[in-house]
Amino acid sequence: MKKIIVLLALSACVAQARVIDLTPGGYNPDGPLPPAFYQLIRQTFFDDAAHGWFDTPEGRQYINGWVSLYGTLNGGTYFFTNIFSLPGNTPSALIWWDFTGEPDGYYLTGILVEGFQADGQTPWANIYAVQGMERMQSLGEHLITLNGMASISDISFYGRNR
């Protein structure tokens, strides 16, 4: 009887999808890129939540919002983050999503988190995957981070459609 209860509990854990860290501890995007990066960029780019100083064609600018220039979907409509209300040097943020009303059948599959180490010069990145039933709607807020010390400058959302 105990074995059945343990198996049922384990099955429930496996059936409940969550955000999975594909690059634990992160990686330096100036070095060799992990296989997860190449898998991610084959998906559809939705939008980017920018939070910090960026070099743009117009010069150096502080951006604290959705970029919404090159993506398929606009952030803040089907996917969200609290990064815009956090201090400038934050190592973590919350994300959540709800694609249940998206007319083209898009769903979330991956998140790219980028920023800089404490020296402000060394870039750092981390990739998360969304699997299973949670691809359409998150079961709550999910904490994302680079390595617990690096500051997040942007969070990019990726996905697919039917």
Within the accessible area of the chain, what % is carbon and sulfur when the probe is 1.4 Å and the other protein chains stay in place? 58
Compute the signed sum of charges (Lys and Arg +1, Asp and Glu -1) over the other residues within less than 14 Å, Cβ to Cβ, of I152. -3
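Any idea of the accessible area per residue across the chain, 1.4 Å probe, to the nearest Å²?
Values: 9150 Å² over 162 residues.
The answer is 56 Å² per residue.
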Could you check the simple spin-label distance between N161 and Q131, using points 7 Å along Cα→Cβ, in nm with one decimal? 2.6
With the crude spin-label approximation of a point 7 Å out along Cα→Cβ, what separation in nm comes out for W96 versus N74? 2.1
Going by amide H atoms built from the backbone, whose H comes under 5 Å of the H on G65, apart from near neighbours? A50
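Calculated from DSSP H runs of 4 or more alone, at -39500 (n - 2.57) each and per residue, what is the 222 nm mean residue ellipticity of the chain, nearest 500?
Values: 2 runs with 21 residues, N = 162.
Value at 222 nm, helices only: -4000 deg cm²/dmol.
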Run the numbers for F84 and D55: contour at 0.36 nm per residue of separation, minus the present Cα-Cα distance, in nm. 8.6 nm
Give a residue-ordered list of calculated ³J(HN,Hα) values for the stretch 80-94 (Karplus: 6.51 cos²θ - 1.76 cosθ + 1.60, θ = phi - 60°; whole Hz; x for Gly, Pro). 9, 8, 9, 4, 5, 9, 9, x, x, 10, 8, x, 8, 8, 9
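The values are calculated or read from the model by the stated rules, or taken from the named source; none is laboratory data. Just so it is clear, the model here is predicted, and its values are computed rather than measured. Heads up, the Cβs are rebuilt from the backbone with ideal geometry, glycines too, and the neighbour counts pull from every protein chain shown. Remember, those area values only see protein heavy atoms, side chains included, never the ligands or the DNA or RNA. Shrake-Rupley method; radii C 1.70, N 1.55, O 1.52, S 1.80 Å.
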